[in-house]
1. Checking a compactness column here: for segment 22-82, what do you get for Rg(Cα) / (2.2 N^0.38 Å), N being the number of residues?
2. Taking the alpha carbon gyration tensor of segment 83-128, what are the square roots of 5 times its eigenvalues, largest first, to the nearest whole Å?
3. Identify the trypsin sites (Lys or Arg not before Pro) of segment 1-91 meeting these criteria: DSSP loop state and at most 15 other C-beta atoms within 10 Å of the C-beta.
4. If you wrap segment 1-103's Cα atoms in a convex hull and average its projection over all directions, what's the area in nm²?
5. Run the Debye formula on the Cα coordinates of segment 6-50, all scatterers equal and no solvent, and tell me log10 I(q)/I(0) at q = 0.34 1/Å.
6. Would you kindly derive the ³J(HN,Hα) couplings of segment 45-54 from the backbone phi angles with the Karplus curve 6.51 cos²θ - 1.76 cosθ + 1.60 (θ = phi - 60°), listing them in order in whole Hz, with x for Gly and Pro?
7. Please return the longest range in the chain lying between exposed loop sites, taking GluC sites (Glu not before Pro), DSSP loop only, at most 14 other beta-carbon atoms within 10 Å, and leaving the sites out.
8. Check the straight Cα-Cα distances from K108 and name the lysines below 27 Å, setting aside those fewer than 8 residues away within the same chain.
Amino acid sequence: MKGEDYIQQAIQTESQPSEEQLSRVNLRILHALMGLQTETAELTDAVKRHIFYGTELDKVNLVEEIGDVFWYVAILMDELKLDVGDKASFEHAMKVNIDKLRARYPNKFTEHDAVNRDLNTERKILEQ
């Protein structure tokens, strides 16, 4: 298959979002998600350079990038109305995350527990 043919066939299966789908709300969600991708890529690159190229790990920069991740999470939570009331706050998200991980790894992380998860129990914890 030639590249030109592939491009034409790919275009035929492309989803064309409507104006409603491209609303300000959805663009704000997209902005937050793209920002999260960018910031986590920057974190990954800094750690990659440290591990594989021997550069010093710049903890000041890492804190900055982690702060940027939090900023984008805040935008996402705001747009999705996830920070209204106690059940959707940052604090609640952190608590249920730890509760879920405690259920998954009762003593500490093990590969066995990572592979043999009880998804029903984890879901019940997340729904509390």
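Each reported figure results from applying straightforward, stated rules to the coordinates on display, with no laboratory input. As the structure is a computational prediction, the values presented were derived from the model and not from experiment. Every residue, glycine as well, gets a Cβ built from its backbone with ideal geometry; the counts of neighbours run over all protein chains shown.
1. Working: Rg = 14.1 Å, N = 61, 2.2 N^0.38 = 10.5 Å.
Computed over Cα atoms of segment 22-82, the ratio equals 1.34.
2. Details: eigenvalues 107, 23, 8 Å².
Those come to 23, 11, 6 Å.
3. Numbers: sites: K2, R24, R28, K48, R49, K59, K81, K87; in loops: K2, K81.
Of the trypsin sites (Lys or Arg not before Pro), the ones in loops of segment 1-91 whose Cβ has at most 15 other Cβ atoms within 10 Å are K2, K81.
4. On the way: hull surface 47.4 nm².
One quarter of the hull surface, i.e. the mean projection, equals 11.8 nm².
5. -1.04
6. Running phi through 6.51 cos²θ - 1.76 cosθ + 1.60 with θ = phi - 60° gives 5, 4, 6, 4, 4, 5, 6, 9, 10, x Hz.
7. Working: sites that count: E14, E19, E20, E56.
Looking at the chain, 57-128 is the longest stretch - no exposed GluC sites (Glu not before Pro) with at most 14 other Cβ atoms within 10 Å.
8. Once the sequence-local lysines are set aside, what remains near K108 is K48, K59, K87, K95, K100, K124.
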